[in-house]
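Reading through the structure tokens given below for one structure.
The values are calculated or read from the model by the stated rules, or taken from the named source; none is laboratory data. Because the structure is predicted, anything quoted here is derived from the model rather than measured. Heads up, the Cβs are rebuilt from the backbone with ideal geometry, glycines too, and the neighbour counts pull from every protein chain shown. What goes into the accessible areas is simple: the full protein's heavy atoms, side chains included, and nothing from ligands, DNA or RNA. Shrake-Rupley method; radii C 1.70, N 1.55, O 1.52, S 1.80 Å.
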Amino acid sequence: MEFDNFETQFIIDLIGAVNHPLSCRSTTQIGLANSNITQYRDFNQNPQIFLGFPPNSDVILRMEIERSMSLLQVMVNEGLVPCAEEEMKRRNAIDKLKKIVVEWVKLVTYQRGLPKKYLKFASGTILTYGSYGLGVYNSESDIDALCVGPYFATIAEDFFIVLHNMLASSPEVSEIHCVKDAKVPLMRFKFDGISIDLPYARLKVISIPENVDVFNPFFLKNIDDTSWKSLSGVRANRSILHLVPNTEASNDVFQAVLRCIKLWAKRRGVYANLLGFFGGIHLAVLSAFICQRHPSASLSALILLLFKTFALWPWPTPVILQDQIARPFIPTHDKVSWMPIQLPCSPYEFCHSNITRSTFYKIRTEFLRGHMLTKDMLSPDFDWNILFEPFPYARKYGLFVKIFLSACDKDELGDWVGWVKSRFRSLLVKLEELLGFCDPNPTEYIDTDASEPNVIFYWGLPTGRADLINAELVEEYFLKSIDHGLNQVSTGTMKLSIVKAYQLPKKGDQLTALERKNSKTCWRVVDGNRKKTPPQPKYKPHCAESAGDYLPTNENPEFPSAGG
């Protein structure tokens, strides 16, 4: 396989610079990368010429259709396309959740002792985003749902106590957890068996329309920082759908591209935001970026162009969905992002990233692999399944750091694993300092022979460097990182050790991959809020008959209604 001339230059300049922090790269290096963006645009404008066929060739059109159809079949075989039953199940769950939220707002209105006229108009709603909002969910996907409430419904008391109690008493709800200390506080639970993440945003109005316009300045005026962060997911989703070519066929192609790239990222071990890889929002922006540039391209051509573009992208130039032309990225703070991807809803915000030197190298390597495979997609023996082959950790690395987590029961284990995963970046950076490289495998394993519930991680390390690392000292360092801020979270045990490749469990051993449907960061926060009986106003909503007691505060309404 031979690279084009400018491809060779990028691979030398960019991948060869992985061992040096971005802040140490010379202006000449970054300037050289940025100067070639024009060449990227040239080949991106005419993929047919790039593929070696004349424009509008009947041959390429027939082969693109065939390759696109075979890729769609792969997605069906992988269970990535939900059936009508799954769609109805999720729609019903959201509708039921909306009804509970509306009842909750009326209950809070009543318990706050607000004037009776407010009870008629007070309302809240649920807005979906993430994979469900973009239409790329499957039967195992969770739902990201934002609860939007009025100004007088607080997050600490009304959301995490009153709404929590209402949900906990609902027969459809199980496994409910509060995640209060996250950057975006939320509740996590299962509703009719579907995992749901529910953050909260409150707007400076009394009544929230069912499909509130999250871009309307009227609703966004003077909202708190937590609400703004909670709204960013919905705003990003809707911006992406707005910026992708707006036809039914274009949306279907965008969804297919995003499904493919997510499957690729999961199989190749580069889909885990907490471990320094991509999250869903990163892949959604990258997919939309390619679809926006090539609105009439086929599915197979878009996949080819996606790998070509980002295998050779001159990072740290940011990916910006709003603009057709990428602008140079000048860091405005000390923490330099390796792969900046702008949130499409704001020109000043970037997708949250934990990418480190090692994970940047791994992602770039996988993009290059995808590019080298897909550039041959018109050959007779091309097979999409090769693109989605699982990453061969056991063959790739000679050493592994083994992270063994256990707890007394499954509930405590889930809390403990979630907390430790939220601190994984510090361990990854430490291993990079000692060894220069670490590949954190996102797959979670369980040892069925162990006496306690457990989860095990195996992270790849460079071969032949066992003498450069003291497992006990690294474990001590990481335990200090875990203990920082650990007060109300259920705890377990953590054991860190170094193992060689031949010590990894073989097929048939009592160690299996754990398919965790609820694999996001999750820990239970135990709060000792005491329930007190509120003063009873003369009017009483229906939901007040069965809801739990609530600790009221006195607030005077100062904000207008936004309509019923």
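Is the shape of region 214-305 best called rounded, prolate or oblate, per the rule: a/c under 1.5 gives rounded, else a/b larger than b/c gives prolate, else oblate, with a ≥ b ≥ c the square roots of the Cα gyration tensor eigenvalues? The partial results should precede the final answer.
Working: a/c = 3.52, a/b = 1.38, b/c = 2.54.
Since a/c reaches 1.5 but b/c is at least a/b, the shape of region 214-305 is classed as oblate.
Thr226 accessible area, nearest 10 Å², 1.4 Å probe?
Answer for Thr226: close to 50 Å² accessible.
Rounded, prolate or oblate for region 419-503? Axes are the square roots of the Cα gyration tensor eigenvalues, ordered a ≥ b ≥ c, and the cut-off for rounded is a/c under 1.5.
Because a/c hits 1.5 or more and a/b fails to exceed b/c, region 419-503 counts as oblate.
Could you check the spin-label model distance between Phe388 and Leu434? Points 7 Å from the Cα along Cα→Cβ, value in nm.
For the pair Phe388/Leu434, the computed spacing is 3.7 nm.
Rounded to the nearest 20 Debye, what is the dipole magnitude of region 105-208 about its Cα centre when Lys and Arg each give +1 and Asp and Glu each give -1 at the C-beta?
The calculated dipole for region 105-208 is roughly 780 debye.
Report, in debye and to the nearest 20, how large the dipole of region 58-130 comes out about its Cα centre when Lys and Arg carry +1 and Asp and Glu carry -1 on their Cβ.
My answer is approximately 1060 debye.
Percent of accessible area on region 135-279 owned by carbon and sulfur, 1.4 Å probe? Write out the running numbers ahead of the final one.
On the way: 2500 of 5010 Å².
Carbon and sulfur together cover 50 percent of it.
When a/c is below 1.5 the answer is rounded, else prolate if a/b is larger than b/c, else oblate, so apply that to region 227-272 with a ≥ b ≥ c taken from the square roots of the Cα gyration tensor eigenvalues. Present the calculation step by step, with values, prior to reporting the outcome.
Details: a/c = 4.25, a/b = 1.12, b/c = 3.80.
Judged from the Cα gyration tensor, region 227-272 comes out oblate (a/c at least 1.5, b/c at or above a/b).
Rounded to the nearest 10 Å², what accessible area does Phe218 have for a 1.4 Å probe in the complete protein model?
Number for this one is 100 Å².
Residue by residue through region 110-124, what is 3J(HN,Hα) from phi via Karplus (6.51 cos²θ - 1.76 cosθ + 1.60, θ = phi - 60°)? Round to whole Hz and write x for glycine and proline.
Values, residue by residue: 5, 6, 6, x, 6, x, 4, 5, 6, 4, 5, 9, 4, 7, x Hz.
Taking the Cα centre of region 390-485 as origin, sum charge times position over the Cβ atoms of Lys and Arg (+1) and Asp and Glu (-1), and report the length of that vector in debye to the nearest 20.
Roughly 520 debye, rounded to the nearest 20.
Go through 434-441, 126-133, 93-100 and give me the packing order, highest mean Cβ count within 10 Å leading.
Ranking the peptides 434-441, 126-133, 93-100 by packing returns 126-133, 434-441, 93-100.
With each label point set 7 Å from Cα along the Cα-Cβ vector, what nm distance links Asp213 and Cys408?
Simple spin-label model gives 5.4 nm for this pair.
Give Lys402/Lys500; Lys183/Lys421; Lys410/Lys430; Lys229/Lys308 a once-over and call out the pairs whose C-alpha atoms are over 21 Å from each other.
Those over the limit are Lys410/Lys430; Lys229/Lys308.
Towards the positive end of the charge dipole of region 368-438, with charges on Cβ (+1 Lys, Arg; -1 Asp, Glu), say which of Val417, Phe382, Tyr397 has the farthest Cα.
Tyr397
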